[in-house]
Amino acid sequence: MTLPTAPNAAAEPTVAVAGSGGRARLERASPFILVAALVALWEALDRWLDIPRFLLPAPSDIAKLMAAEWPLIWMHSLATIGSIATGYVAAVLFALVVSALMIRFVLAERLIMPLFVALQSVPKIAIAPLILVWVGAGTGSKIVVVASIAFFPIVINTMTGFKEVDYGLADVFRSVDAGARQTFFRLRLPYAMPYIFAGLRIATTLAVLGAIVAEWLAASNGLGYLVLSGSFNFNTARSFAAIIMLGLIGTAFFSLMSFIERSLSWRREGGDATTAA
């Protein structure tokens, strides 16, 4: 009499792993699937309702214009990217230096932070004309506007990170008579890194906004200028093409900062990074 053999248990984990892998790929592809579905719906509704092109062009019309005018669109994209990158770097350097000074000197935080909050409360569209008067129309004014918009979330998140230190480790540093420099680089900065990168990611989108505001007010190049020129000439497809490029640029900057954050070795894996310092 033969006994029934037990099912192959080793095959079950393999099927589970394969299923989880397929589910993970589907989750990664879901944003692209959603975008494709929305574009297809847009195209179908535009054709069905026969909407005039100067009001709402179909995605196919926008794609044709981008292919036909790609050198023009790319030239304006490079101008906007240059302004965004330069202003963003200036905002990051300024915000980190000011944050380090404020966490080192309490009086500096009490004096400077209210000014930052007041400036941030004022719409940048109201300050941008003054910047144009002081700096002049051109690349310099765009960089200043980008930096003025992007620096505030970096300052706020960095200061929050500097203050969110482990008080037990802070007592240890004081007990061994660690100096202010050692405490900053070995304790405060590692703990603040997640907060700093959160501010850096937020600032990427604000940097794009700052560049567009500056290009709307006074510029002869850039994607913001291309959006306005397209709307003034009833070339709505060109305006949509510029908006699409802006979305791609903002997404690329955001993804770059996320990649840099994932690549750094300070990220804690189940323990404190400061304990190894």
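The values are calculated or read from the model by the stated rules, or taken from the named source; none is laboratory data. Since the structure is predicted, the reported quantities are computational estimates derived from the model, not experimental observations. FYI the Cβ positions are ideal-geometry reconstructions off the backbone, even for glycines, and counts take in every protein chain you see. What goes into the accessible areas is simple: the full protein's heavy atoms, side chains included, and nothing from ligands, DNA or RNA. Shrake-Rupley method; radii C 1.70, N 1.55, O 1.52, S 1.80 Å.
Just a few scattered comments:
- Estimated at the nearest 10 Å², the accessible area of ARG28 is 150 Å² with a 1.4 Å probe.
- Pairwise FRET efficiency - LYS163 versus ILE51, Cβ, R0 = 41 Å, nearest 0.05: 0.20
- In sequence order, calculated HN-Hα J values of the range 206-217 (Karplus, 6.51, -1.76, 1.60; Hz; x Gly/Pro): 5, 5, 4, 4, x, 5, 5, 4, 5, 6, 5, 6
- Residue ranking by accessible heavy-atom surface, 1.4 Å probe, largest first, among ARG181, ARG23 comes out as ARG181, ARG23.
- Taking amide H as placed 1.01 Å from N in the peptide plane, the amide H of ARG53 sits under 5 Å from none that are at least 5 places away or on another chain.
- In order along the range 232-244, phi translates into HN-Hα couplings of 5, 9, 6, 9, 5, 4, 5, 4, 5, 4, 5, 5, 4 Hz, rounded to whole numbers, per the Karplus curve 6.51 cos²θ - 1.76 cosθ + 1.60 with θ = phi - 60° and x for Gly and Pro.
- Cleavage-rule hits, chymotrypsin sites (Phe, Trp or Tyr not before Pro), the range 55-115, DSSP coil, Cβ neighbours within 10 Å at most 13: PHE105
- For SER255, the shell of other residues with beta-carbons less than 11 Å away shows a net charge of +1, using +1 for Lys and Arg and -1 for Asp and Glu.
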